[in-house]
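The values are calculated or read from the model by the stated rules, or taken from the named source; none is laboratory data. Fair warning: this is a prediction, and the values are worked out from it, not measured in the lab. We place every Cβ from the backbone using ideal geometry, glycine too, and count neighbours over all the protein chains shown. Heads up: the accessible areas ignore ligands, DNA and RNA and are worked out on the full protein's heavy atoms, side chains in. Shrake-Rupley method; radii C 1.70, N 1.55, O 1.52, S 1.80 Å.
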Amino acid sequence: MQFPITRMRRLRRTEAIRSLVRETHLHSSALIYPLFICPGEGVRKPISSMPGVFNLSLDEAIKEAEECAALGIGGLLLFGLPAAKDEQATGAWHEDGIVQQSLRAMKRNSALNSLVLIADTCLCEYTSHGHCGVVQRDGDHYHIENDSSVALLAKTAVSQAAAGADIIAPSDMMDGRIAAMRAAMDAAGKHETPIMSYAAKFASAFYGPFREAADSAPQFGDRRSYQMDGANLREAMREIELDIAEGADMLLMKPAMPYMDIIRTARDRFDLPTGAYQVSGEYSMLHAAFQRGWLEQERTMMESLISLRRAGSDFIVTYFAKDAAKVLG
């Protein structure tokens with residue numbers, strides 16, 4: 001039917017009608033809030049490039065977690081800042097690592113029972129060189145060694161699961177890491193701990209502020225030999241297929257807004273629960289516009305999150321989680 005019989009504006013006339021016919025909905029339970037946990041007590045160190053985000057000691061992180069639970073947020077993604085770093089990323093897999101301590105403390109807190117505790121499983125925050133794996137050096141040349149890195153990642157996954165992680169989330173992009181983690185966790189009796197694979201993680205300029213937050217910038221070179229080339233959609237689908245075959249239970253795409261075609265294609269092709277990580281650079285550039293009065297904060301924030309849901313994300317990791325939950329009520 002053509003105009004004037006069909007008038008598309010009829011269903012936009014009032015907020016009640018618009019709400020009734022809205023196709024995409026966002027709920028607080030679909031949001032995951034990242035936390036950066038550091039040693040000490042009473043530490044709440046602002047991250048200069050990420051307004052409103054902090055490095056937190058465990059006592060302060062628990063306060064944040066309690067606020068998230070009260071707001072109905074679905075989960076937390078935990079990153080650790082160790083007291084010391086070394087070539088073998090000991091702080092990542094040690095039973096008394098900062099994330100392991102945090103998981104045990106949060107599991108003891110009944111106020112946090114509604115939160116899914118997700119452990120980021122990577123080595124970059126814990127290595128002295130800042131890379132996501134074991135570095136093999138030959139004079140001025142270096143190589144990120146895949147298989148020995150996978151062994152440490154599997155060890156990390158077992159340690160995090162034993163400490164109480166509800167979900168293990170490998171973000172390293174080493175080949176074969178999902179199968180190794182699944183086998184190691186099964187051997188340790190952690191058959192029921194799911195793996196949420198950062199199945200398509202791209203080598204992106206949008207991670208810049210995160211590297212300040214996690215103190216994880218590479219001391220030399222870059223991560224392009226293991227994180228994906230941003231030009232490659234078909235390769236991303238191969239990565240996802242391999243991770244599913246190796247035992248991934250959930251998928252995560254990173255970054256989010258610059259890669260919405262990846263999210264949409266993955267959603268159409270695969271049936272696993274799929275999320276998007278609205279990364280630090282996305283958050284920070286929007287805040288820069290907010291501070292200058294160029295964009296309206298609440299509307300822009302919510303529009304950015306709805307767009308990721310519309311693209312096919314079942315859940316969203318975002319530094320806006322608390323602010324968005326307050327809007328959603």
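Between GLU67 and LEU11, what length comes free when the chain is fully extended (0.36 nm per residue of separation minus the Cα-Cα distance, one decimal in nm)?
16.5 nm
In segment 240-287, how does Rg compare with the Kirkwood Rh, expressed as the Rg/Rh ratio over alpha carbon atoms?
1.05
Lys/Arg Cβ at +1, Asp/Glu Cβ at -1, dipole of the chain taken about the Cα centre: which of ASN146, PHE210, TYR126 is farthest positive-ward?
The listed residue farthest towards the positive side: PHE210.
Can you tell me the 0 to 90 degree angle between the C-alpha axis of helix 260-269 and the longest principal axis of the chain, rounded to 10?
Approximately 90 degrees, to the nearest ten.
Per the 1.4 Å probe, what fraction of the accessible area of segment 265-329, in percent, lies on carbon and sulfur atoms?
Within segment 265-329, the accessible surface is 46 percent carbon and sulfur.
Can you give me the three principal axis dimensions of segment 248-329 from its C-alpha atoms, in Å, biggest first?
40, 27, 18
Relative contact order for segment 54-142: what percent, with Cα pairs under 8 Å and sequence separation of 6 or more?
Result for segment 54-142 is 35 percent.
For segment 37-176, what is the per residue volume of the convex hull drawn over the alpha-carbon atoms, in cubic angstrom?
Expressed per residue, the convex hull around the Cα atoms of segment 37-176 is 117 Å³.
Just add up the charged neighbours of MET1: K/R +1, D/E -1, any other residue whose Cβ is under 14 Å from the Cβ of MET1.
Around MET1, the surrounding residues sum to +2.
Just for the Cα atoms in segment 111-261, what are the lengths along the principal axes, largest first, rounded to whole Å?
Here the spans come out as 44, 36, 34 Å, largest first.
Find the eigenvalues of the gyration tensor of the Cα atoms of segment 174-240, then list the square roots of 5 times those eigenvalues as equivalent ellipsoid semi-axes, largest first, in whole angstrom.
Each semi-axis is the square root of five times an eigenvalue, giving 26, 17, 11 Å.
Order 292-300, 90-98 from most to least packed using the mean count of other Cβ atoms within 10 Å.
Descending packing order for the listed peptides: 90-98, 292-300.
What's the extension gain from ASN232 to ALA188 if we count 0.36 nm per residue and subtract their Cα-Cα distance?
12.2 nm
Mean projection of the alpha-carbon convex hull of the chain over all orientations, in nm²?
Spelled out: convex hull of the Cα atoms, projected over all directions, averaged, 19.2 nm².
What list of ³J(HN,Hα) couplings, whole Hz, do you get for segment 88-94 from phi and the Karplus terms 6.51, -1.76, 1.60, once you set θ to phi - 60° and write x for glycine and proline?
Here the 3J(HN,Hα) series is 9, 6, 4, x, 6, 10, 5 Hz.
Counting heavy atoms of the protein chains only and a 1.4 Å probe, report the per residue accessible area for segment 180-329 as a whole number of Å².
Here the residues of segment 180-329 average 44 Å² of exposed surface.
Using only Cα atoms, find the angle between the long axis of helix 280-291 and the longest principal axis of the chain, and express it within 0 to 90 degrees, rounded to the nearest 10.
In the chain, helix 280-291 runs at an angle near 50 degrees to the longest axis.
Please state the relative contact order of the chain as a whole percent: Cα pairs under 8 Å, 6+ residues apart?
Rounded, it is 18 percent for the chain.
Starting from the coordinates of the alpha-carbon atoms of segment 28-76, obtain the Kirkwood hydrodynamic radius over all distinct pairs and give the value in Å to one decimal.
Radius from the Kirkwood sum: 11.2 Å.
Give, rounded to the nearest 20 debye, the magnitude of the charge dipole that the chain has about its Cα centre when Lys and Arg contribute +1 at Cβ and Asp and Glu contribute -1 at Cβ.
The dipole magnitude comes to about 1660 debye.
To the nearest 500 deg cm²/dmol, what mean residue ellipticity at 222 nm is calculated for the chain from DSSP H runs of n ≥ 4 alone, each contributing -39,500 (n - 2.57), summed and divided by the residues?
Computed ellipticity for the chain at 222 nm equals -11500 deg cm²/dmol.
Viscosity 0.692 mPa s, temperature 37 °C: give me the Stokes-Einstein translational D for segment 208-267 in µm²/s, with Rh taken as the Kirkwood radius over C-alpha pairs.
Here the translational diffusion coefficient equals 246 µm²/s.
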